[in-house]
Every structure is written in structure tokens, then in C-alpha cells.
1. Considering only the range A:78-97, I want to know if a residue exists there that is in contact (Cβ under 8 Å) with a residue 12 or more places away in the chain, surrounded by 13 or more Cβ atoms within 10 Å (Cβ to Cβ), more than 27 Å from A:LEU108 (Cα to Cα) and more than 9 Å from chain B (Cβ to nearest Cβ).
2. If I ask for residues that are open to solvent by 80 Å² or more (accessible area, probe 1.4 Å) and of a type in the set (Val, Ile, Thr), which ones from the range A:48-58 would you list?
3. Got at least one residue in the range B:137-159 being buried (at least 16 other Cβ atoms within 10 Å of the Cβ) and among the polar types (S, T, N, Q)?
4. Does the range A:180-200 hold any residues that are open to solvent by 10 Å² or more (accessible area, probe 1.4 Å), of a type outside the set (S, T, N, Q), assigned to a helix (DSSP H, G or I) and more than 19 Å from A:ILE71 (Cβ to Cβ), and which are they?
5. How many residues, within the range B:388-408, are modelled with pLDDT of 90 or more and within 14 Å of chain A (Cβ to nearest Cβ)?
6. With the structure loaded, tell me whether A:ALA13 is away from every other protein chain (no Cβ under 11 Å) and in a helix (DSSP H, G or I) or whether it fails that test.
7. Mind listing whichever residues of the range A:138-155 are facing chain B (nearest Cβ under 8 Å) and not β-branched (Val, Ile, Thr)?
8. Could you check the range B:166-178 and list, in sequence order, the residues that are open to solvent by 20 Å² or more (accessible area, probe 1.4 Å) and within 19 Å of B:ALA400 (Cα to Cα)?
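The values are calculated or read from the model by the stated rules, or taken from the named source; none is laboratory data. Note that the structure is a prediction, hence the values are computed from the model and not measured. Heads up, the Cβs are rebuilt from the backbone with ideal geometry, glycines too, and the neighbour counts pull from every protein chain shown. Note: accessible area is taken over every heavy atom of the protein model, side chains too, but ligands, DNA and RNA are not part of it. Shrake-Rupley method; radii C 1.70, N 1.55, O 1.52, S 1.80 Å.
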Amino acid sequence: MTVAAGIGYALIALGPSLSLFVAVISKKPFLILTVLSSTLLWLISLIVLSGIWRAFLPLKSTTWWPFALLIISSVGFQEGLRVLFWKVYKRLEDTLDAFADRVGKPRLFLTDKMQIALAGGLGHGVAHAVFFCLSLLTPAFGPATFYVDRCPQMPFFLISAIIALAFVTIHTFSMVIAFNGYAEGNTTDQYFVPVVHLVAGMVVKSAFARCFCLLSQKFSLLRILFLIVLKNCQLSPETALVVFVWLNVLCHACSF
Amino acid sequence: MAQNQRPASILDTLGEEIVRIITPVSICMLMVVILVSILSLDDSSSSSAMPTIATIAYSETGSDSSWDKFMGALLNSLVFVAVVTAVTFILVLLFYLRCTNFLKIYLGFSAFVVLAFMGGEIALFLFEKFSFPIDCVTFLVILYNFAVVGVLAVFISKMAILVTQAYLVVIGMLVAYWFTLLPEWTTWVLLVAMALYDLAAVLLPVGPLRLLVELAISRDEDIPALVYEARPVAHHDSGSRDGVVRRRVWSERRNVLHDSGGDVNSNAILSGNAGSNLNSGVVLSVASGHNDTRLAGAEEGRVVEANAELSAPLIDRRMNDNMHRQEEDGTSENLLLEGIGLGSTGAIKLGLGDFIFYSVLVGRAAMYDFMTVYACYLAIVAGLGVTLMLLAFYQKALPALPVSIMLGVLFYLLTRLLLEVFVVQCSMNLVMF
């Protein structure tokens, strides 16, 4: 609608990730590189998916099952990519430990490993926010706004910004949970992540007529996710509080 | 926080040098994207562009067929690459004849022209766009001072490093913006052509850049060129972690140069790391000669005569025995100590040509849409990382342009053709994952 509104939408989508970046990631250059590489990986997965699905687009919007198929295939592909990411990470961890031994430094602590996982998840989340929300925001800087048929109560930009915010959080923390699960062999955690991802994708699609219900459903899912993360990991209290407060504010704002 | 009690793990400093080179590249790209999005109102007017060396063979108009545009762009790029090759050979000749002073003066002159004339023009565009009230005299005084300080920053090595870095980034940004004003097909084919030229010029035995680099190595001299040097990494024995610049004495490193030779191969990922106070990491010198921008430039004529970009060969200085002779010079002139990546500081140097062409690619992507910008940015940074890793692996002079440009162009095409449709379709139907 204006430059201010455009910046507002961008900040809704990327606010918590920006605070996470400044507070945790910018202090360690290795984490910055991890964020960049995981963003690239997510982008490549998206390009591959779009290459596969290009022939079938544009999808007819009246039937729901092509979209379900799309979501299932995409989520499945991305979860497979997460396993690949884990394998690469294991090898990287060995290299880093060997290097640490060579230069006489301590090996990677648990917090270091979790920070790497956090950075990886943040990369995925930021990639999602950038490609699904920010890159479509260009018209929002102009004088008008845009509504979609699926949800005519709110401007499209606001919807995509809020959903992007939700997905940023999901991606960020599910990477931490997944890595923790793979490391400890905890199958509950391992399966929890893809299930949440799939459910989130489906929920977005299915509740097209009830925008507000959709959003509050998604956010309660997020709250559950977040509490599990807090239980398992030792994030610094400041970042945890910041992100949690953001989530709650938005939940309440959206569900009126 | 609890971490203050623990000893610092390697995660705190690993990869710092790479990040220190990625940051200015990102800033340059960001500024070019902002300039392009503010100033490019309509593409149709820019295609009736000024005559430049890059459009001498063919001026693209909107109504030509794709094949014509492609052939025209190819002709343009061939002419441009030929001119660049010729100028680079002249540069090699001059360097061989030890006309270093002439080259340095020429460098300063071209920096002045870029800052004063190109910078001034862009400032005028911005003033026009935002209706900024300023009078001629003030503007000229400010511009003149700005340009002169820039020339000094480029010339004098004792200047504050932040000022030098800032001016180099600004010069890169200005030249890159002017390149984005070229017609579309010409720009893309030109980028690919320059990447191929860079590959040939650095790797082939008769390549001018390779000759230049070998000459400089054999003489232990600095090529007078516009080179961005990243701030050197602070090492642990200094106890401070906030990037205090500590110029390392040559002799301290001499002992480990041989030992560190074996380490690098096994730590291919860790190129550029200065994990220990003996700096067993790779001394990356992304050295590049660069930027010989000759603007025969009256603002009205705006003929960009030649823009010889000597793009970055990456040299691994560790393997060079000549370095050992350096320590005898000791405190001799900075010009020797700061030669091609003779980072007495071990810092990475990247040539300005790389900044420029990366920013041109991203700026051109910005003229289409922001999604392509993000994709191309990630591709270029990935290419830069890959190049640094290849350097650690092969340990010889490598060009920095080809991998990044090829990845960038590939991602641009993939995004424009495949990704954009997919994402827009998904978002419109609120299908997000």
C-alpha cells in the first residue's frame, strides 16, 4: 500500500529471524555460512520441485486433490533433504572435531551443535519467507493492495507475511528438533518434524474459507512446537523470550 | 551467559575471513540493487542508450527478433572482450617495462573519473528523482572533495582501512550501475563472455592475467591495481575477539609456511581459517589486478572507451618460495608487503572486477524481479565459496568470475522460467510449505 506498509509486511515475516540472526548468528561467522548454505539448499529443492511441477501448472483451483498432491510431494522432498543435510552435517562434525584436535581447541559442545542446527533451520525458514513472501511484496510498495479469492478478508500480503512468519518458526525449530532426534536416535522427535511440516502445509490449504480459524490453528500448533523445543534445547533465554512474545502477540492479534 | 566461562570453541572464529569478504560483496550488490530499483523507471528509454564500447557493433532495439538480439549481443561481447584483451596485454607490456609509476598515476586518474563523473551523474539522477534542493556550487565542492579523498584512499596505503574499503565498494557500485544500463541481451552475453575470458586469461599459459601474475611474483612487486583487501583476522593469542588489526610480522609466519602445507589439503572446507596463532590455515590471496577504466568521459558524450577488467586470479601464496625473501626487507615499503595477497596480514584480497560483475548480474536480475535477485545472490555467494574451496584444493592461481557468473546466470534462468510461475501459483492458492 505504501513503502511503510511494504516494510511492515517484510518485518512481520522476517522480524524474529532478524532478531535471532543478530543475537545468535552474527557473532559466529561459521553460523552465517551455515545459514547461507542452507538457504541455497532450500532454494535448489524449490527449483527442483518447480521443475517437476511446471508441466502441470496452472492447477485448477476448484479441485483440492492436485494441491494436496503438491503439498505431499513437496514436503516429502524437503524432509528427504533434511535427512541429507543431517548426513552432510555428520561428516562436517567429524572434520570440525579433527580440526579442533589439531589446533588444540575443545571439540564441539552441545550448544555449538545446536547452534549449527538452529542456523540450518533459520536458513530454511528465511528462504521460505524470502521466496514465498518477500519476493511477492513488490506491488505492496505501491499505492494499492491485493486480495485473493481464497481469503477475501485480509490483503494477500498480510496473509503471506503471517504464514511466512509461522513457517520461519517451524523450519527453524524443527531442524533443531530433528537433529537432536537423529543424534539421540529418538524416533518420536524424528517423526514429529515431518508430521508437523505436513500438517502445517495442509492446514494452510484446507481452511481457505475461514482465515482466522486457520491462523489460530496454525499458531497453537506453533506454540506446541515451541514448548517442545524449549523442553529439549537450551536456547538462550533472551532469544526464546523474544520469539515467544512475537508469536503470542500475533496469535492474539489474528484470532481477535 | 554461561558461555563466557567456557573456553572458546572453534566455532567462534572459523570462517571469519570468508565472511569478511562476503560482506562487502553483499553490500555492493545491495547498493546496486537499490540504485537500480530506484532509478530504473522504464526499460524502453534505456535501450536507446549512449554509444559505448559495448554496444558498438549492435544497438538493441525492442522490435528485433530474439535471434537477432542474440547475434547482436554476441557481436557486442566479442568486440568488448577483444578490447579488454588488447588493453590487458598493453598493461602487461607496461608492467614488463617497469612503467609502474605511469600505471599508478593512471589508476588514480581512473578512480577520480569514476568517482567524480559517474558518481556525479548518479547523484544528479537521484537529485532529480527526489527533487532534492541543492545548488551547483555546493554540489561541485562536495563532489570534488569526495572524489579527491577517494583517489587518496586508493593510492595511499596508510589510510584508515575502513575508508579505503568503503571507497572501493563505492567505485565498484558506480561502475556496476553503469554497466546495468546496457541493453539486456548484451549484458547477459557480456557477462558470460567475461567469465570465459577470465577463465582463459588466468589458466591458459598465454593468458595475459597469468603472465601479469607470474611477472609480479617473480619480481615480488605489487601490481598497481584496485584490489579490495579484507580486514585481517585477529588471532587468539592477542586475546581480543573484536577484530583488532594486528599486522603480523613476516618472520613469525615463515616457520610455519612449510608445515602448514600438509594441513590444508585435509581441511579443504576450512580455507582461510586462522584458527591458531600460527595461522596454519590457507593464506588466500584472491589477488587480482584490476580495473582500468578509461573514460574518455565528457558527461554529454558518455563514451565508455574501455573497461579493461583484470578479474581475480586467486593465488595461494604459501607455495611461493619468493615470500621468504620478504622478511629481509622487513619494514620496507608497504608496497612490497602488501603485494599480491602478500597479506603480511594473511587477509583475503579480491579484485574490484569481481565486485563489479557480480553486482552487474544482480542489478540486471533486479530489473526483472526481486525473486531473481535473491536467487542470483545466493548463487553468486555459493560460487564464491566454491572458488575459495577450489583454491584451497588446487593451490594455484584461479579466476574468481567463472563459477559465480555461470551459477548466477543458471539460477536466473531457472528462476525466471520455472520458479516464479510455481511460487506465484502456490501463493495465490495459499499453498505454502
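1. no
2. Passing the criteria: only A:ILE52.
3. There is no residue in the range B:137-159 that is buried (at least 16 other Cβ atoms within 10 Å of the Cβ) and among the polar types (S, T, N, Q).
4. A:TYR182, A:ALA183, A:GLU184, A:ASP189
5. Final tally of qualifying residues: 4.
6. Criteria met by A:ALA13.
7. Once the filter is applied, which keeps residues that are facing chain B (nearest Cβ under 8 Å) and not β-branched (Val, Ile, Thr), the range A:138-155 yields A:ARG150, A:CYS151.
8. Hit for the range B:166-178 is B:MET173, nothing else.
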